[in-house]
1. Rank Asp142, Asp34, Asp56, Asp98 by accessible area, highest first, at a 1.4 Å probe radius?
2. With loop defined by DSSP as not H, G, I, E or B, and exposure as at most 14 other Cβ atoms within 10 Å, which is the longest segment of the chain clear of exposed GluC sites (Glu not before Pro)?
3. Return the sequence-ordered ³J(HN,Hα) values of the range 90-100 in whole Hz as given by the Karplus equation 6.51 cos²θ - 1.76 cosθ + 1.60 applied to θ = phi - 60°, using x for Gly and Pro.
4. For the chain, state the semi-axes of the equivalent ellipsoid (square roots of 5 times the eigenvalues of the alpha-carbon gyration tensor), sorted largest first and rounded to whole angstrom.
5. What percent of all Cα-Cα pairs in the range 96-142 falls into each 5 Å bin, going from 0 up to the bin containing the maximum distance?
6. Counting only Cα, what are the radius of gyration and maximum Cα-Cα distance Dmax of the range 140-193, in Å?
7. Provide, for q = 0.26, 0.27 Å⁻¹, the log10 of I(q)/I(0) from a solvent-free Debye sum over equal Cα point scatterers in the range 4-77.
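The values are calculated or read from the model by the stated rules, or taken from the named source; none is laboratory data. Please read all numbers here as calculations on a predicted model, not as lab measurements. Heads up, the Cβs are rebuilt from the backbone with ideal geometry, glycines too, and the neighbour counts pull from every protein chain shown. Remember, those area values only see protein heavy atoms, side chains included, never the ligands or the DNA or RNA. Shrake-Rupley method; radii C 1.70, N 1.55, O 1.52, S 1.80 Å.
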Amino acid sequence: MIITHNDLDGFVSAMIIHSAENDPDIYPISYRQDRLDMIRNLLANYPNKRNVYVLDLSFSENEIVQILDLIERFNFVFIDHHKSSEEIVQYFENYILDIDDKKCSSLLCYNYMFHRLLNTTYLEEWLKYAIKRDTFNFEDDDEYKKTLKLDNIVKYLTRSGRFGSGAKSLACLLPDLALQIYSEHIAIYEKRL
């Protein structure tokens, strides 16, 4: 199971883990949701000792203490880049935390799973935009606009309930092709903003 932030970085992180693990279950989480209840509900009927990847999500120590029973039942792999996660990694046996303003969770996932990825060409293109979006490091205005459009694809997929299937299918496409396929949806979504 993959539980990830519902932004471009979380989306690309899920793409990478799915590509390496072929994990069919991908669930996006927003910081606006009751994340602990959502995690409890997702794991209620999930087999014990299975891998549960938590990607690009930061929790307080108080929140983690509330789900310690789940952390003990499953093989949690926590991958994050937020400074606020420093206080919680002690609760995870498997974690990757790298606080660097030039890195994002998708880069950490890529480095963690690189040896298990068969074709990295498409993922590396997505990764490039996830890094730019999360670090706000754009070469020019066109790159900024393109990155925001990719981010809007993720928002569209989240709102339409297709985040998981989108992460799986778009991992096999270059971002430019995804922009072509979703251009109409992005235009409608951007008008609503």
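1. I get Asp142, Asp34, Asp98, Asp56, largest accessible area first.
2. The reported range is 1-85.
3. My calculation for the range 90-100 gives 4, 8, 10, 6, 10, 8, 10, 10, 9, 8, 8 Hz in order.
4. The answer is 27, 17, 17 Å, longest axis first.
5. 5, 20, 29, 23, 15, 7, 2
6. Rg and Dmax of the range 140-193, Cα atoms, are 10.8, 32 Å.
7. Debye intensities relative to I(0), on a log10 scale: -1.45, -1.51.
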